[in-house]
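Have a look at the structure below before the remarks.
The values are calculated or read from the model by the stated rules, or taken from the named source; none is laboratory data. A quick note: this is a predicted structure, and the numbers were derived from the prediction, not measured. Here the Cβ positions follow ideal geometry from the backbone for every residue, glycine too, while neighbour counts run over all protein chains shown.
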Amino acid sequence: MDIGTISSRYAKALFATAKDEKQENRLYDDMKMLANSFEMEPELLTALGNPIVSDNGKVKLLTAAAGIEVCDLYTRFVRLVLRHKRESMLPFIVWSYIHLYRKDRKITRVQFSSAVPVDEKTKGHLEDKLREETGCTIEFSGHVKPELIGGFRLRIGHYRIDASYATQLRNIRNRLLERK
């Protein structure tokens, strides 16, 4: 059995249990924080694979990585994963759970990048329009990326719109170089 299949099974079982115990919202927040920790600290997975670190030490590490005040189901689940020696699969399980939750709740992730910060009025307008178009709850994250020079990049699920000045200038440059 491959890592994707095993991770998916763990995530589905966790999601079903979370719904039964009415902890899916809280667990979603814990899982998002843990996913962010895996992204920001690649050494976290290395530490989990270290045989010198006890299971209790790993539980403490994963609790801190998920925001310290985690729900009871999170802690029980982490202990189960550690007991079955599946800690290397944890990032995949986490992302699978997040995906299942978003699909169940009809949540669409929107990532908006611009050269300057976007004001709340513009952000609200964009969220309202996207909610209207998709019929989904919008989970918005905005990033300031000065290298875009101007314009914006918008990512909605698997769709991307790049209206940044940096990309437009690069495209013009490439067309000019092709004509040589």
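Points worth noting:
- Region 83-123: number of residues that are surrounded by fewer than 12 Cβ atoms within 10 Å (Cβ to Cβ) and assigned to a helix (DSSP H, G or I): 4
- Residue within region 131-139 that is over 21 Å from the mean Cα position of the chain (by Cα) and either over 25 Å from residue 25 (Cα atoms) or of a type in the set (Asp, Glu) (or both) present: yes
- Selection count where residues are surrounded by fewer than 12 Cβ atoms within 10 Å (Cβ to Cβ) and either more than 12 Å from residue 87 (Cβ to Cβ) or at pLDDT 95 or above (or both), scope region 40-63: 6
- Taken together, the residues in region 148-180 that are within 23 Å of the chain's Cα centre (by Cα), surrounded by fewer than 10 Cβ atoms within 10 Å (Cβ to Cβ) and not in a strand (DSSP E or B) amount to 1.
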